[in-house]
Every structure is written in structure tokens, then in C-alpha cells.
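Q: Pasting in a structure now, in C-alpha cells, and then I'll have a few things to ask.
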């Protein structure tokens, strides 16, 4: 998994600079645009002009791909199709999109060959990559996460994609259904005696002999969802400003409260992404933790994308309710 979120900007920019694209800059003259033309402002404050609702759309990040599919737009191209199918089952691909390369380094040649109406990227990509994409097609560069308002950022991106694809009514329904799922989940957890329960979600990975644990603090999207469910985030570590993700090791787990409910998502199809069901079974620190001894460790189902959209978060709510009601 390694992970898929942050790329080395300098290395990526250098690699992309070697693959110059021969396409031309899209016309920016508003007078040439149809009566149904759109002007949108993306996550970087950049104005993006479309001749009309986009139909041939490429997504370079899975949260955007999920939202597009949820809106009824099957993407023409997707970065790392196999990875998407492994990690995000909430909004399955029903077509056969072209794989446009990795999420950190999409292929400019492949993007150009698709002749898309719109490319959806995120600010996790280097500016050099986005600049090259803009020579191919209009680019909506989304801000993928915001630890100050994780749910708000998710729905803001959904609304922007809906506006770009003419699916605003569908977006409204997705948001209403998500809010209803949160309310129902909170009600069920309270009825099961878990209102205000201490809860800690993490993922982890193994590199060589080293096991790394990644806490999802209150600033993470899952952390925000947990709080909407009436759960108290038990992590004491600080998360980053975008995704609300922390960093610790097995020793750091000793700082969690004894009565915490601990949950994680691993994926057996992604080697090294599930230490909790793997190497930690023989780790003395892990096996001595009170919440481990008490059986308060919950593996949530594979295929719930922790950084996804409304549909992944609805899956997550169902999985948490099911785990804690056992």
C-alpha cells in the first residue's frame, strides 16, 4: 500500500518532464463556448472552463473516481484500476476504463490518447503534472482532504464534480442518504450502549522488519465520521493538516485507554498492509495490550476505502455498527 497518498514531488515532476505531450492548449475564448458552457473554481482557486457537462472524464485519484461513479458517471480512465478494485468496493466500476498509470504518476501519453472532456486530479500531484494535464484537457484539481473539516471537504468535492458533470440532483441525494446513515448508525450504537465509547481506528504496514501504525485522528475523515456516530477518538497523537493521519509504532499503542475499541482495515491482497492479523500476532507488546486481551479488536471488511466518498463512508458506518453490536 505504501502509500498512495503522498508522492515525492521532485521525483515525480522530473519524470513527468521527460514525457512532453504534443497536444494543444484548449481554447479559452468564452465567446467560442456553447450556451451550456460552465465555469468552475477548483480546489486551488483556478477557473476551469467547460463547453458543457463533462461526459468523458478521467480520474487520477480514487476518491474522485468513487464520487464520479456514485454520481452515475463511469470514468473513461482511472489511475491504477486494479488498486481501485481492491481498495474501493463501495462504487464498483461497471465499465472497462483505461488504466492511466499510477495515482502518483499518471501517463500523459495515455491521458492524451483518451481525449477526455475533463481530467479530475488532486493537489497531492505535483504542480508540474497538473500543468501538463492542462495541455490535454480542462483539469479540476481538487483539495483531497482538510483536517479542519473532513466531511465538509468530501461533500464540497462531490458538489464540484456534480456541477462539472450535470448531476447535482444525484449529489443532493447522496448527501441526504449519507446524513441519514450517520443518524441511524448513532442511534443503533447508543441503543447498544456505545454512546461516548472510546474508539481508535488505524491502519498499518510492514516494511522489512519494521511495523508502522497510522492513527486516524479526529481530523481524519473516518475520525470525523466516528464522532458523528457518538464515539470518542482515543488517539493522543497529532495528525497532519490535510488527512488527519498520525504516525506511531506498536509501543505507541500502549498509550491508548484500556477500554478502547480498536478497529482497523487491512487487505490480504496488498502485501504488507495488514500487520494486525499478521506479524503482530507474535508481538509481545501487542498481545499484552488490555484491549487485545479483552477481544476489543475489530477487523472491518476489506474494500472500504478510508479516504473515499459518501458511499465508502456509508459502508464504514455499517461496518462499525456491526462490529460493536457483536
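Taken together, the values in this text are just the output of simple stated rules run on the coordinates, not laboratory data. Because the structure is a prediction, the values reported are computed rather than measured. Glycine also receives a Cβ, built like all others from the backbone with ideal geometry; neighbour counts cover every protein chain displayed.
Q: Return, ordered by residue number, the residues of segment 164-181 whose backbone nitrogen is under 12 Å from a label point located 7 Å along Cα→Cβ of residue 323.
A: none
Q: I would also like to ask the following. How do 184, 283 line up, fewest other C-beta atoms within 10 Å first?
A: 184, 283
Q: Could you tell me what % of all Cα pairs in segment 141-265 have separations over 18 Å?
A: Of the Cα pairs, 60 percent sit more than 18 Å apart.
Q: Looking only at 286, 62, 235, which one moves most when the chain is put into a Gaussian network model with springs between Cα atoms under 10 Å?
A: Its mean-square fluctuation being the largest, the pick is 286.
Q: Could you tell me the distance between the Cα centroids of segment 232-246 and segment 159-230, to the nearest Å?
A: Each part reduced to its Cα centre gives a spacing of 14 Å.
Q: How far is the Cα center of segment 85-111 from the Cα center of segment 259-285, in Å?
A: 27 Å
Q: Tell me, what is the Rg over Rh of the chain, with Rh the Kirkwood radius over Cα pairs?
A: Looking at the chain, the ratio lands at 1.00.
Q: Under a plain spin-label model, where a point goes 7 Å from the Cα along Cα-to-Cβ, how far apart in nm are residue 284 and residue 209?
A: A separation of 1.5 nm, rounded to one decimal place.
Q: When 179, 66 are ordered from fewest to most other Cβ atoms inside 10 Å of their Cβ, what list results?
A: 179, 66
Q: Another question, if that's okay. With springs only between Cα atoms under 10 Å apart, run a GNM on the chain and tell me which of 107, 288, 218 wobbles the most.
A: 288
Q: Select from 202, 128, 90 the residue whose mean-square fluctuation is largest in a Gaussian network model of the chain (Cα-Cα springs shorter than 10 Å).
A: Among 202, 128, 90, the largest GNM mean-square fluctuation belongs to 128.
Q: Going by how many other beta carbons lie within 10 Å of each one, how would you line up 321, 78, fewest first?
A: By the 10 Å Cβ count, ascending, the order reads 321, 78.
Q: Can you tell me the relative contact order of the chain? Whole percent, Cα pairs under 8 Å, sequence separation 6 or more.
A: It comes to 19 percent, rounded to a whole number.
Q: Can you pull a Stokes-Einstein diffusion coefficient for segment 193-324 at 25 °C (0.890 mPa s), Rh from Kirkwood over Cα pairs, as a whole number of µm²/s?
A: 166 µm²/s
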